[in-house]
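Computed from the coordinates by the stated procedures, all read-outs in this text should not be read as laboratory data. Since the model is a prediction, treat every value here as computed from it, not as a measurement. Cβ placement follows ideal geometry from the backbone for every residue including glycine, while neighbour counts extend to all protein chains displayed.
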Ligand code: SF4
Ligand code: SF4
């Protein structure tokens with residue numbers, strides 16, 4: 001089988017691999033499998049790439065993943081370019097890029113493809129980039145083999161669960177248990193009113209969008225390599241690096257102008273109201289405003 005995964009590296013993936021679709025079908029619901037096969041009739045293989053995003057500093061009130069161009073846009077573009085190059089090389093085959101809203105169990109696909117190890121926090125870890133990576137896949141009707149190699153598990157130190165302020169990640173019997181309903185990353189991005197308990201927990205976060213605490217505590221993320229992908233690092237004119245949002249800057253901005261100004265940012269997809277609310281919840285930021 002040709003080195004198809006190499007195409008993902010040409011287009012920015014730090015690690016890439018391949019997996020037979022049949023290995024993923026076992027873990028997919030009938031609906032998810034149906035959707036994957038609708039997207040790519042004859043689906044037989046999946047290429048997986050890890051696209052790092054760490055830009056070199058952690059200070060700031062935006063989650064590290066959201067400081068450059070929105071990854072939905074940036075990674076989709078890289079995958080589209082890789083897919084187009086593959087189609088030129090293999091014109092009889094299908095190559096369908098996917099990012100984020102994917103029916104695939106992406107972390108499992110990455111693990112099977114041998115591109116990283118799965119942390120107890122449920123994320124893929126790709127040394128030397130740690131878990132600060134986005135996963136992107138290309139579906140194909142070309143049969144691909146799953147490599148025999150298997151990554152070891154993480155060292156199971158429990159620091160991610162210790163660092164979690166909401167109980168979303170708990171350590172039980174030597175392993176982490178995750179409750180997505182309690183995860184403050186999701187809560188911070190939700191529109192509308194929050195419960196008093198959710199508000200209290202959000203006040204403990206250093207971020208007003210997303211939460212990095214479990215990832216920042218992980219020893220694999222102690223000294224992560226900086227991404228070479230300019231768009232994700234914020235090294236472009238259209239989405240320059242942005243680590244902080246201030247309430248005063250957002251309050252005077254009409255919603256339409258906000259969406260226009262930040263149209264290519266991951267933190268803008270729910271409008272400015274969750275950000276204004278979260279900034280208001282955090283006393284330190286209120287003082288600054
Ligand atoms: S992102 Fe934050 S709230 Fe969610 S599991 Fe990690 S530390 Fe807990
Ligand atoms: S903090 Fe420890 S237990 Fe959690 S993912 Fe990292 S290595 Fe694994």
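Largest mean-square fluctuation among 105, 97, 52, in a Gaussian network model of the chain whose springs join Cα atoms under 10 Å apart, belongs to 105. Placing a label point 7 Å from the Cα of residue 149 along the Cα-to-Cβ direction, the residues of segment 47-86 with a backbone N closer than 16 Å are 48-50. For the Cα trace of segment 51-115, dividing Rg by the Kirkwood Rh returns an Rg/Rh value of 1.05. Normalised by 2.2 N^0.38 Å, where N counts its residues, the alpha-carbon radius of gyration of the chain equals 1.03.
Checking the a/c ratio against 1.5 first, then a/b against b/c, what shape does the Cα gyration tensor give for segment 160-289? Note, shape of segment 160-289 comes out oblate.
If one computes P(r) from the Cα atoms of segment 98-185, what percent of pairs lie at distances over 22 Å? Here the tail beyond 22 Å accounts for 35 percent of pairs. Fewest-first ordering of 51, 267 by other beta carbons within 10 Å of each residue's beta carbon gives 267, 51. Taking the Cα of residue 226, stepping 7 Å toward and past its beta carbon, and measuring to each backbone N in segment 237-261: which are under 20 Å? Answer for this model: 237-244. On full extension, the segment bounded by residue 38 and residue 59 gains 3.3 nm, given 0.36 nm per residue less the C-alpha separation. Based on alpha-carbon atoms, the Kirkwood radius and the radius of gyration of segment 196-258 give Rg/Rh equal to 1.05. So what's the angle, to the nearest 10 degrees on a 0 to 90 scale, between helix 71-89 and the longest Cα principal axis of the chain? Long axis of 71-89 versus the principal axis of the chain: about 10 degrees. Comparing 139, 202, 253 in a Gaussian network model of the chain, where Cα atoms under 10 Å apart are tied by springs, the biggest mean-square fluctuation is seen for 253. Entry note, the chain: the mean residue ellipticity at 222 nm calculated from DSSP H runs of n ≥ 4, each adding -39500 (n - 2.57), is -9000 deg cm²/dmol after division by the residues and rounding to the nearest 500.
Each part reduced to its alpha carbon centroid, segment 71-112 and segment 227-272 end up 25 Å apart. Is any residue of segment 58-81 close enough, with backbone N under 20 Å, to a label point placed 7 angstrom from the Cα of residue 157 along the Cα-Cβ axis, and if so, which? In segment 58-81, the label zone of residue 157 (backbone N under 20 Å from the point 7 Å along Cα→Cβ) covers 58-59, 64.
The long axis of helix 30-39 is offset from the longest Cα principal axis of the chain by roughly 70 degrees. The rule of thumb for compact globular proteins, 2.2 N^0.38 Å, goes into the C-alpha radius of gyration of segment 6-140 1.04 times.
The slack in the chain from residue 256 to residue 10, taken as 0.36 nm per residue of separation less the alpha-carbon distance, amounts to 84.8 nm.
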